[in-house]
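For reference, the structure is listed below as structure tokens.
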Amino acid sequence: MSTIKITFPDGGIREYESGITAKQIAESISPRLAQEVLSATINGNPTDLNIPIVEDATLKLNKWEDADGKHAFWHTSSHLLAEALQELYPGIKFGIGPAIENGFYYDVDSPKPITEADLPIIEKKMEELARSKEPMCRTEVSKADAIKEFSAKGDEYKLELIDGLDDGTITFYRNGSFTDLCRGPHLVDTSAIKAIKLLSVAGAYWRGDEKRKMLTRIYGISFPKKSMLDEYLAMLEEAKKRDHRKLGKELELFMFSNRVGQGLPMWLPKGAALRERLEGFLRKIQKKYGYEQVITPHIGMKDLYVTSGHFAKYGADSFRPITTPYEGEEFLLKPMNCPHHCEIYRHKPRSYRDLPIRFAEFGAVYRYEQSGELHGLTRVRGFTQDDAHLFVRPDQLLEEFENVIDIVLYIFKTLKFNDFTAQVSLRDPNNKEKYIGSDENWDKAESAIIKAAADKGLQTIVEYGEAAFYGPKLDFMVKDAIGRKWQLGTIQVDYNLPERFDLTYTGADDQPHRPIMIHRAPFGSMERFVAVLLEHTGGKFPLWLTPVQAVVLPISEKFNDYAQKVADLLNNSEIRTEIDVRNEKIGRKIRDNELKRIPFLLIVGEKEQEENIVSVRIQGEGDKGAMPIADFGAYVKELVEKEIE
Ligand SMILES: [Zn+2]
Ligand SMILES: [Zn+2]
């Protein structure tokens, strides 16, 4: 028997007999690993664990922690769902059943309607089938045989899918009585699926085409342990309470209007003020790091984006151009600020002594998204980036990168995102010709990013082949208070735009040189950031940021004037204060304002008015006692200063 060499992700190489499977390799390493491993990635392709390996290969064994491992787990669960449905609903037909980011679904055409009330019975059936440890049997079939199989079943959906496939590429997977057209990969058998929850039922057009039949989509999720499912369901409950769309309404921060247009958020007074505070906060730190604010228009000539390359890449999926009535000019809604900033760089000669130049703009951009993809503030058609472009010399790259990281870290600290990781995206070392810019510059930029991340003590994941064609980048992922991950800030090196816009500076040698561009947006966009912040804090913003810091509650109408006086005094010393003069019992007023997440409630009555004091109640803590108005003001100011130091 011949031997083959298997290369592991850590670079280690081991020899095995040809024909060994990934599962057997896992067993040879440790029984525990063999138990935990869910799928394999062989030469970069996710595959089943029980496929014989007959050539030298790279091998990654995917566990639950790996996206590919989870994917195989959930994909197998969707087959299990289909098998359960086939047993419970004879004559049911199947569309597609993929794994998704969180769980899986199957689209079905059922002779009998399926509603959410039916889900527990289906779940039970799935659990029963999972326990019987059904193997996922893979077979390669000819197109003719595939057509025969599904014609016999009368499943026109699968037949349509087979129609689009080439002969020789078709595989079936069978678990128990259910055979599916599928590419895989899956688990070896169903026994690892220990906890299942079917979450919802929705309508979905076959192939996403509204002219075709509406199928029933059943969503579910599954886990290798019951406790993991319990945790997930608790998280979902909490996420519902924190949904930024719900909180945004309750706290009167933003709104949408169909008359204005889908995906175009409008900021209400409290939301606008909050956004201004966030912008002011960022402006202040950026000024400290030498950024200069610029302002550019919301549209630009189509040619601008042809020059930048954005039109070639995104033009077909953008808003259509706007034309002028007489001159025949064509404009596009601005999808990115960079081309405008390149033009600003170009407006006068630059010398090596002028660099780095840092242009910042809270720039509104517009990008077309399909209406079905829109979601609150996280998927919109118009948004404002906290954008900046840095034009630097190659020898300045490291220092500038470190400064940008400092800004991001300061933001995370101030806004209490304490759990985050950074992903460094580098070139694919085997495909260097795919990328624009010299080898030497890339090496310099990549080592600068890695060094900057290390110098700043970031927890990083390095991904080869994930860089854009025009430069390497660093992305920040934050984990929110209930464990969900969000991608926030990004820092991106760019060799492409300086080339396309022919940007130069005069060097010490009196010769023209190309600057390197860095794009960076620590928040990403104001809209998305506020959404993440709402869901992270559950609407309990830090004191410096929160729309209303204090509400004065007179215990009866008699004290409305005094309440007004207190509010005026505090507002004059820049403590955002409102009064609640509704004709309600004081208990009710306290409850209502606590629900609005107001940090301080100031209760005033006879005694308070006589002594010129307020009785302070702190959100989540209760009574703090009485104090003079000025003392309360000083106390809040001190807390705010501590938050943003
Ligand atoms: Zn499958
Ligand atoms: Zn940019």
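FYI, it's all coordinate maths here, none of it is from the lab. All of these numbers come straight from a predicted model, not from anything done at the bench. Cβ sites come from the backbone with ideal geometry, for glycine too, and all protein chains shown count toward neighbours.
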| query | Based on Cα positions only, what radius of gyration and what Dmax would you give for the chain, in angstroms? | reply | 29.7, 98
| field | Percentage relative contact order, the chain, counting C-alpha pairs under 8 Å, at least six apart | value | 8 percent
| remark: In vacuo Debye sum over C-alpha of the range 52-108, base-10 log of normalised intensity I(q)/I(0) at q = 0.16, 0.17, 0.26 Å⁻¹, listed in q order, is -0.60, -0.65, -0.97
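What share of Cα pairs, in percent, lie more than 24 angstrom apart in the range 68-238?
On the way: 4844 of 14535 pairs.
The answer is 33 percent, as a whole percent.
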| field | Alpha-carbon centroid distance for the pair the range 198-239 / the range 372-413, whole angstrom | value | 33 Å
| query | Helix 586-595: angle to the longest alpha-carbon principal axis of the chain, degrees 0 to 90, nearest 10? | reply | 50 degrees
| In a shell of Cβ-Cβ distance under 11 Å around D107, excluding D107 itself, what net charge do Lys and Arg (+1) and Asp and Glu (-1) give? | +3
| remark: For 312-319, 102-109, ranked highest to lowest by mean beta-carbon neighbours within 10 Å, the order is 102-109, 312-319
| said: Averaging over every viewing direction, what projected area does the convex hull of the Cα atoms of the range 282-535 cover, in nm²? | reply: 15.2 nm²
| Dipole magnitude of the chain about its Cα centre, charges +1 at Lys/Arg Cβ and -1 at Asp/Glu Cβ only, in debye to the nearest 20? | 1180 debye
| request: Based on other C-beta atoms within 10 Å, arrange S2, S200 from fewest to most. | output: S2, S200
| Can you work out D for the range 86-182 in µm² s⁻¹ from Stokes-Einstein, where Rh is the Kirkwood radius over C-alpha pairs, the temperature is 37 °C and the viscosity is 0.692 mPa s? | 222 µm²/s
| query | Over the Cα atoms of the range 239-364, what Rg and Dmax result, in angstrom? | reply | 18.7, 54
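Averaged over all directions, how much area does the convex hull of the C-alpha atoms of the range 138-240 cover when projected, in nm²? Before the final figure, lay out the partial values.
Details: hull surface 34.3 nm².
Result: 8.6 nm².
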| query | What does the charge add up to near Y464, with Lys and Arg as +1, Asp and Glu as -1, over the other residues with Cβ less than 11 Å from its Cβ? | reply | -3
| Which of the residue pairs K249/K288; K540/K585; K302/K434; K213/K302; K241/K565; K194/K413 have a Cα-Cα distance greater than 30 Å in the structure shown? | K249/K288; K213/K302; K241/K565; K194/K413
| request: Relative to the longest principal axis of the C-alpha atoms of the chain, give the angle of the C-alpha long axis of helix 67-88, reported between 0 and 90° and rounded to the nearest 10°. | output: 70 degrees
| note | Other residues with Cβ under 9 Å from the Cβ of L38 give, with Lys and Arg +1 and Asp and Glu -1, a net charge of -1
| task | Scan the range 465-549 for chymotrypsin sites (Phe, Trp or Tyr not before Pro) in coil per DSSP, keeping those whose Cβ has at most 14 other Cβ atoms within 10 Å, and list them by number. | result | F469
| query | Between I461 and A634, what is the FRET efficiency for a Förster distance of 56 Å, r being their Cβ-Cβ separation, to the nearest 0.05? | reply | 0.80
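Suppose R0 equals 51 Å. What FRET efficiency, 1/(1 + (r/R0)^6) with r the Cβ-Cβ distance, do K596 and H347 give to the nearest 0.05?
The pair K596/H347 has a calculated efficiency of 0.60.
Restricting to the range 3-63, what percent of DSSP beta bridges are antiparallel, rounded to 5?
90 percent
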| field | Residues D480, D439, sorted so that the one with the fewest Cβ neighbours within 10 Å comes first | value | D439, D480
| Charged-residue dipole, Cβ positions (Lys, Arg, Asp, Glu), the range 550-643 about Cα centre, Debye nearest 20 | 360 debye
| query | Listing S222, S132 from the residue with the fewest other Cβ atoms within 10 Å to the one with the most, what is the order? | reply | S132, S222
| 21 Å Cα-Cα reach of K143 towards lysines, excluding residues that sit fewer than 8 places from it in its own chain | K93, K153, K158
| task | Under 16 Å Cα to Cα from K451, which aspartates and glutamates show up? Leave out anything in the same chain fewer than 8 places away. | result | D395, E399, E400, E402, D406, D443, E463, D475
| request: Relative to the longest principal axis of the C-alpha atoms of the chain, give the angle of the C-alpha long axis of helix 526-537, reported between 0 and 90° and rounded to the nearest 10°. | output: 90 degrees
| note | Counting only DSSP beta bridges fully inside the chain, the antiparallel percentage to nearest 5 is 85 percent
| query | 222 nm [θ] for the chain, helices only, -39500 (n - 2.57) per DSSP H run of 4+, per residue, to 500? | reply | -11000 deg cm²/dmol
| Which whole-angstrom value gives the distance between the alpha carbon centres of the range 454-478 and the range 7-40? | 28 Å
| message | Considering only C-alpha atoms, what is the centroid distance from the range 67-135 to the range 254-315, in Å? | response | 43 Å
| task | Subtracting the Cα-Cα distance from 0.36 nm times the residue separation, let me have the gained length for D561 to E643 in nm, one decimal. | result | 26.3 nm
